[in-house]
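Worksheet for the structure shown next.
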Amino acid sequence: MAAPETHRLTRQIVIAMLAGIVLGVTLNQLGTGPWLQTFLVDGLLYVIGSVFVSALKMMVVPLVFVSLVVGVTALSDLRVLGRIGAKTLALYLATTAVAVTIALTLAGLVGPGHGFDAGKTEASFGGKEAPPLTQVLIDMVPTNPVAAMAEGDMLQIIVFALLFGVAVTMSGARGKHVLNLFNDLDAVIMHMVEWIMRLAPYGVFALITRTFASQGLDILLPLAAYFLTLTAALAIQLFVTYPLLLRLLASHNPVTSLKKIRDPAAFAFSTASSGATIPVTLHTVEYKMGVKNSVASFSIPLGATINMDGTAMMQGVATVFIANVYGIDLSLTDYLLVVLTATLASIGTAAIPAVGLVTLTMVLGQVGLPVEGIALIIGVDRLLDMMRTTVNVAGDCAVSCIVAKSEHAFDQAVFDDPDAGSVEAATRHPIPASPAA
Ligand code: ASP
């Protein structure tokens, strides 16, 4: 039976991912040879993948700024904004702490790294310094909002957009003119996002094929225990923790929730960047899951920046792995320190590929483990980065839904409609200016 027109894109993205894995692994196993390597892997696939990621990134700053201004103006007063902010932050921190605890428990049971021969890995780790938390807090206030936008500094953009939105609300008739303009801009920018989503099957295929062609699965073998423990922990978070939380705190049907996040999950997996996935995450929670813009526009960019449950899980499992390899016993206090530091480190982790390894230095340093241990796991990090980014993004969607539900900023009819927000349907019926305001 043919797929309904409204699900065709999601289906195509999934097929593109699978085809990319098969072709990539095949190319890796057979060897590409200079011609295929130059013209296909480093040529065509590289160009298509990079253009796709650049196009996504191109939308992030305008979308977050405009959408957040619209979202803030929809809130009746500043107390509501404060309440939403506090709830969102608390849930982001709590879900991350739960995530690390699951990861540590599983790693404690499996014990990855026992008997691992560290001499086999030749990679080294440069050990870049992660910024201290105090600096992260100071840097939140932009000295120049234009520079913040040019740099794509998400926390600074959020702070400026919040203040700007509050000022729009307080500026009477003049503010109303500005708001109308922003409402229209929001719809136009979302339209552009939908163009990019249409290109996803090609972009995803190119990114995944290239990754698997460059990185064979055989490097996983020596690190199978680490890899599988982390994969299992990530799967628990994605398929058990979030659906359970959504069921308990937002009365969501877990199967529907998981189905609805397929698009951002596929984007996160193929780009390994929650930052580049923001446009798709925002589109999904608003137009498919029914979260009003007043909550989504704030929680999604903030979550992409500070909420990294998958990254924190990697740091938990990696800490246990490195401790086992070096034969160092971790005490209960060490485990608690890891929960605390990994939760905080996820705030300071930039939403781009591989940064989780940099902030892992903070966690290892806290419990006195050698930072060089990171070199042991660097080889398998790309694939794990793709998986943990998927969990990072899924966590943002879950918290956004829970906060929206508790704030009565949630449209159940949209959530229940399997065709809601599909790009195909939007072409026939242009999306409303602002589903929330
Ligand atoms: N790639 C991750 C993200 O963008 C961050 C990391 O763990 O390296 O969410």
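Taking only Cα atoms, what is the 0 to 90° angle, nearest 10, from helix 293-306's long axis to the longest principal axis of the chain?
Taking the Cα atoms of the chain, the angle to 293-306 is about 20 degrees.
Of SER331, LEU9, LEU383, which is farthest along the charge dipole of the chain in the positive direction, counting Lys and Arg as +1 and Asp and Glu as -1 at C-beta?
LEU9
If packing is taken as the mean number of other Cβ atoms within 10 Å per residue, what is the order of 188-197, 163-172, highest first?
188-197, 163-172
With N set to the residue count of region 32-116, report its C-alpha Rg divided by 2.2 N^0.38 Å to two decimal places.
1.92
Using the Karplus curve 6.51 cos²θ - 1.76 cosθ + 1.60 with θ = phi - 60°, work out ³J(HN,Hα) for each residue of region 40-46 in order, rounded to whole Hz, and write x for Gly and Pro.
So the Karplus estimates, Gly and Pro as x, are 8, 5, 8, x, 4, 5, 5 Hz.
Distance in nm between label sites at VAL371 and VAL188, each 7 Å beyond Cα in the beta-carbon direction?
Distance between label points: 4.7 nm.
If each DSSP helix of 4+ residues adds -39,500 (n - 2.57) and the sum is divided by the residues in the chain, what number results at 222 nm, nearest 500 deg cm²/dmol?
-23000 deg cm²/dmol
What distance in nm lies between label points placed 7 Å from Cα along the C-beta direction at VAL80 and LEU340?
Distance between the two pseudo-spin positions: 3.8 nm.
Dipole of the chain, Cα-centred, from +1 at each Lys and Arg C-beta and -1 at each Asp and Glu C-beta, to the nearest 20 debye?
About 720 debye.
Would you mind giving the average projected area, over all directions, of the Cα convex hull of region 281-357 in nm² with one decimal?
Seen from a random direction, the Cα hull of region 281-357 projects 6.2 nm² on average.
Kindly put LYS57, LYS176 in sequence by how many other C-beta atoms sit within 10 Å of each C-beta, fewest to most.
LYS176, LYS57
Once the piece of chain linking ILE378 and LEU249 is laid out straight, how much longer is it, given 0.36 nm per residue of separation minus the C-alpha distance between them?
So the extension gain works out to 42.7 nm.
Provide, for the chain, the number of lysine pairs with alpha carbons under 13 Å apart, each pair being eight or more places apart or on different chains.
Counting lysine pairs in the chain gives 4.
How long are the three semi-axes of the equivalent ellipsoid for the chain, computed from the Cα gyration tensor as the root of 5 times each eigenvalue, in whole Å, largest first?
35, 26, 20
Can you tell me the dipole magnitude for region 176-327 around its Cα centre, using point charges on the Cβ only (Lys, Arg +1; Asp, Glu -1), in Debye to the nearest 20?
280 debye
Taking the chain as a Gaussian network, Cα atoms linked when under 10 Å apart, which of VAL295, VAL47, VAL98 shows the biggest mean-square fluctuation?
Among VAL295, VAL47, VAL98, the largest GNM mean-square fluctuation belongs to VAL47.
Give me the mean projected area, in nm² to one decimal, of the convex hull enclosing the Cα positions of region 208-297.
7.1 nm²
How much length is gained on full extension from ARG11 to ILE138, taking 0.36 nm per residue of separation minus their Cα-Cα distance?
Working it through step by step, the gained length comes to 41.3 nm.
Tell me which residues come under 5 Å, amide H to amide H, from PHE410 once H is placed; ignore anything under 5 positions away on its chain.
LYS292
Once the Cα gyration tensor of region 140-260 is diagonalised, what are the square roots of 5 times its eigenvalues, in whole Å and ordered largest first, as equivalent ellipsoid semi-axes?
They are 39, 22, 18 Å, listed largest first.
First measure r as the distance between the Cβ atoms of GLN412 and VAL51, then evaluate 1/(1 + (r/R0)^6) with R0 = 35 Å and state the FRET efficiency to the nearest 0.05.
That pair, GLN412 with VAL51, gives E of 0.35.
Every number here is computed from the coordinates shown, using simple stated rules; none is lab data. Since we're looking at a predicted model, the values are computed, not measured. Neighbour counts run over all protein chains shown; Cβ positions are idealised from the backbone, glycine included.
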